[in-house]
Amino acid sequence: MASTTHAAPGGASVRVRVQKFGTAMSNMIMPNIPALIAWGILTALFIPDGWLPNADLATLVGPTIHYLLPLVIAYTGGRMVYDARGGVVGAFATMGAIAGSDLLIANFNATLPEGSSELGQVHMFLGAMILGPLSAWVMKRLDALWDGKVKPGFEMLVNQFSAGITAFLMALVGFYGVARLVNAVMDAASSIVETLVDNNLLPLTSVLIEPAKVFFLNNAINHGALTPLGISEAAENGKSVLFLLEANPGPGLGILLAYTFFGKGLAKASAPGAAVIHFLGGIHEIYFPYVLMKPKLILAVIAGGATGVGVNVLFDTGLRAPASPGSIIAVYAQTARDSYVGVTLAVAASAAVTFAVAAFLLKLDKSDDEGDLAAATAKMEQHKGKKSSVASALTGAGAGTGAIHSIVFACDAGMGSSAMGASVLRKKVQAAGFSDVSVTNKAISNLRDDVDLVVSHQDLTDRARQRSGSALHVSVDNFMQSPAYDEIVDLLRQRNGAGGAPTPAAAEEGALGGALLARESIVLDGTARSRDDAITEAGRLLVAAGAAEPAYVEAMHEREASVSTFMGNGLAIPHGTNEAKSSVHRTAISLVRYSDGLDWKGKQVRFVVGIAAVGKDHLKLLGRIAEVFLDDDQVARLERASTTDEVLEVLGQVQPA
């Protein structure tokens with residue numbers, strides 16, 4: 001069937017751009033919410049108006065909000081663009097904006113007549129969200145200019161000084177440019193908020209915020225404007241109502257209660273469970289499909305949201321820091337000491353008004369149409385730009401029960417452990433007849449939220465889940481013989497059906513590709529007596545083969561310190577970090593045998609395979625090695641081998657799946 005591509009309507013294109021902007025803002029803020037919570041606890045306890053006033057501990061409050069939090073946000077934004085290198089450059093550049101802003105304010109206050117109201121500090125959250133990604137992007141573009149043009153032996157010198165000089169120059173950009181821009185923007189935004197508050201117009205923001213939440217545009221508003229403004233206000237006044245404009249769970253609760261009593265079909269049956277997830281779990285997106293199913297209910301959430309804001313303004317309430325997720329528990333945890341009554345009334349009032357309006361609209365609807373919750377969920381996911389495991393669970397769709405078509409084996413660097421694990425799992429999946437299920441490997445930093453199932457080492461699963469939140473996640477601790485692989489095959493039978501005829505292994509022509517595993521890179525009697533020495537021994541073989549620089553050996557030790565490269569069945573495959581790929585000249589593998597075995601963090605290892613990779617041409621060889629170490633007879637042959645030719649013969653006889 002011919003495929004036709006239609007241009008997206010202009011409005012949809014704008015929505016997608018705003019959504020992507022909001023997602024970028026959210027990705028910088030959300031990982032650092034724990035730090036904001038910690039700062040909120042500091043202010044709640046130790047400032048003069050806190051629960052446990054302590055002048056000494058209160059000295060932590062100012063530096064944390066003014067320096068630490070913007071810097072960690074900038075680092076996160078830079079790392080999103082260009083890993084740790086981008087994060088370091090972005091954080092240093094933001095220090096320039098912080099200093100520049102402080103100088104501007106100090107100079108302005110010095111010109112004021114005595115007794116005039118002085119400007120307070122502007123906290124560079126917005127500056128961090130600009131300079132972090134921007135500085136990392138500049139660094140990435142500069143590195144691309146001289147990639148492959150630096151003479152061997154000078155790579156580390158160039159890498160270190162280029163990053164340092166770029167960080168210095170971007171700090172000047174922050175000091176002279178971004179500081180002025182952000183101060184002006186924050187002054188204008190603060191004036192707008194002040195005008196809205198003074199004229200009792202702040203509830204009108206719900207006309208924008210509540211529909212924006214349903215269409216997943218709220219992140220741009222919340223993290224791009226409300227959070228920076230709220231933090232500045234909270235730092236000055238100890239609380240801010242701005243944190244409650246989007247986080248109030250009342251409107252969503254009202255919608256779900258209305259469906260509970262006056263809905264029909266699946267929507268009515270699922271609404272009570274959704275209300276619990278929304279109100280206590282803080283997952284607001286779970287009520288979005290209920291609004292999209294009956295778009296007129298947007299009026300209900302606007303009315304409820306405006307009521308909640310009005311009550312908060314009336315009682316002068318506020319939170320000390322952002323409430324994330326938007327659970328009533330998180331809201332109460334961040335509520336200022338004098339605001340519990342007002343916040344409680346605001347949540348209750350917004351829920352009641354939303355419920356009343358939604359119930360009226362649902363009762364007014366005399367049609368027999370129950371509404372298509374599944375279609376509304378799909379529409380919500382379209383607006384979101386990815387699957388929603390929480391909302392889809394209500395309709396029996398999505399990651400909870402759907403078929404599995406894509407499996408990704410993820411590790412830190414994506415060149416060794418994940419490649420071998422994927423090879424083993426791929427063979428099992430194909431042998432079970434699931435030829436339509438793809439099994440690939442990736443570095444965690446390259447994961448996207450568009451896969452069905454992610455397999456990772458148990459020490460990396462939390463990181464993988466952050467990158468691919470809607471996928472199923474399976475943890476393993478043994479890459480070669482994990483029982484989880486058979487469980488995955490069983491899961492495929494449940495989700496995808498019984499499977500087809502076993503897929504025969506595809507025969508490949510040729511032997512090992514001599515340059516990948518040269519005879520000179522095979523040692524049958526290793527001299528190392530510890531794990532670290534074995535890594536060095538395997539790494540030096542790669543350096544001697546001209547495949548990598550000496551610095552790559554250090555990266556192999558760094559990789560081992562984060563997650564073990566023990567694969568199971570007497571095999572370890574040490575390799576460098578993802579960031580160290582610039583130290584690799586060509587793809588190569590080394591193999592060292594230890595007849596007496598080595599202790600590898602409590603595991604017995606007899607074979608160490610060192611890996612240096614720039615592309616994917618080593619993956620077939622890793623697949624062959626994996627098959628060898630799954631076969632006890634082949635492992636025994638390797639243990640008996642007395643020449644390198646015998647080793648190559650064993651590896652060459654095994655064809656990858």
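The values are calculated or read from the model by the stated rules, or taken from the named source; none is laboratory data. Here the structure is a predicted model, which is why all the values come from computation and not from measurement. Here the Cβ is made from the backbone with ideal geometry for all residues, glycine too, and neighbour counts use every protein chain on show. Note: accessible area is taken over every heavy atom of the protein model, side chains too, but ligands, DNA and RNA are not part of it. Shrake-Rupley method; radii C 1.70, N 1.55, O 1.52, S 1.80 Å.
Brief remarks on what is shown
- Spacing of the two label points (7 Å from each Cα toward its C-beta) at ASP462 and ASP632, in nm: 3.8 nm
- HN-Hα J in Hz across region 280-292 - Karplus 6.51, -1.76, 1.60, θ = phi - 60°, x for Gly and Pro: 8, x, x, 8, 5, 4, 6, 8, 4, x, 5, 6, 5
- If you take all other residues with their beta carbon under 14 Å from the beta carbon of THR43, and give Lys and Arg +1 and Asp and Glu -1, the sum is -1.
- Between LEU68 and SER438, the C-beta separation translates, for a Förster distance of 60 Å, into a calculated FRET efficiency of about 0.90.
- Length gained on full extension, TYR176 to LEU45, computed as 0.36 nm times the residue gap minus the Cα-Cα distance: 43.5 nm.
- Distant alpha-carbon pairs in region 424-500 (separation over 19 angstrom), percent: 35 percent
- Percent RCO, i.e. relative contact order, over region 44-85, from Cα pairs under 8 Å lying at least 6 residues apart: 18 percent
- Measuring nothing but how far apart in sequence close Cα pairs (under 8 Å, 6+ apart) lie, relative to its length, region 144-273 scores a relative contact order of 13 percent.
- Accessible-area ranking of PHE279, PHE262, PHE607, largest first, probe 1.4 Å: PHE262, PHE279, PHE607
- Summed side-chain charge close to ALA545 - residues other than ALA545 whose Cβ falls under 11 Å, Lys, Arg +1, Asp, Glu -1: +2
- Residue pairs, from the table LYS140/LYS239; LYS213/LYS239; LYS294/LYS442; LYS428/LYS603; LYS140/LYS603; LYS213/LYS442, whose Cα atoms sit over 29 Å apart: LYS140/LYS239; LYS294/LYS442; LYS140/LYS603; LYS213/LYS442
- Annotation: amide H-H contacts under 5 Å for ILE522 (H modelled 1.01 Å from N, sequence separation of 5 or more, or interchain): LEU591.
- Nearest-0.05 FRET efficiency for SER642 and GLU558, computed from C-beta distance (R0 30 Å): 0.30
- Computed lengthening from ASP102 to LEU345, 0.36 nm per intervening residue step minus Cα-Cα distance: 83.6 nm
- What the phi angles of region 94-99 give under the Karplus curve with 6.51, -1.76 and 1.60, with θ = phi - 60°, is a coupling list of 5, 4, x, 5, 4, 5 Hz, glycine and proline written as x.
- Per-residue HN-Hα couplings for region 133-140 [Karplus 6.51, -1.76, 1.60; θ = phi - 60°; Hz; x = Gly/Pro]: x, 5, 5, 5, 4, 4, 4, 5
- Candidate aspartates and glutamates - alpha carbon under 18 Å from LYS363, same-chain residues fewer than 8 apart omitted: ASP372
- Rounded to the nearest whole angstrom, the semi-axes of the ellipsoid equivalent to region 59-177, taken from the Cα gyration tensor as √(5λ), stand at 34, 14, 10, largest first.
- Per residue, the convex hull spanned by the Cα atoms of region 514-568 amounts to 99 cubic angstrom.
- Label-to-label distance, nm, for residues given as LEU112 and ALA38 (7 Å Cα→Cβ offset): 3.2 nm
- Per-selection Rg to Rh, region 106-249 - Cα, Kirkwood hydrodynamic radius: 1.12
- Computed over region 536-603, relative contact order equals 38 percent, with contacts defined as Cα pairs under 8 Å that lie 6+ residues apart.
- A convex hull fitted around the alpha carbon atoms of region 241-322 yields 88 Å³ per residue.
- Where trypsin sites (Lys or Arg not before Pro) fall in DSSP loop in region 229-324, at most 16 other Cβ within 10 Å: LYS264
- Residues whose placed amide H lies under 5 Å from that of HIS457, excluding near-sequence neighbours: VAL476
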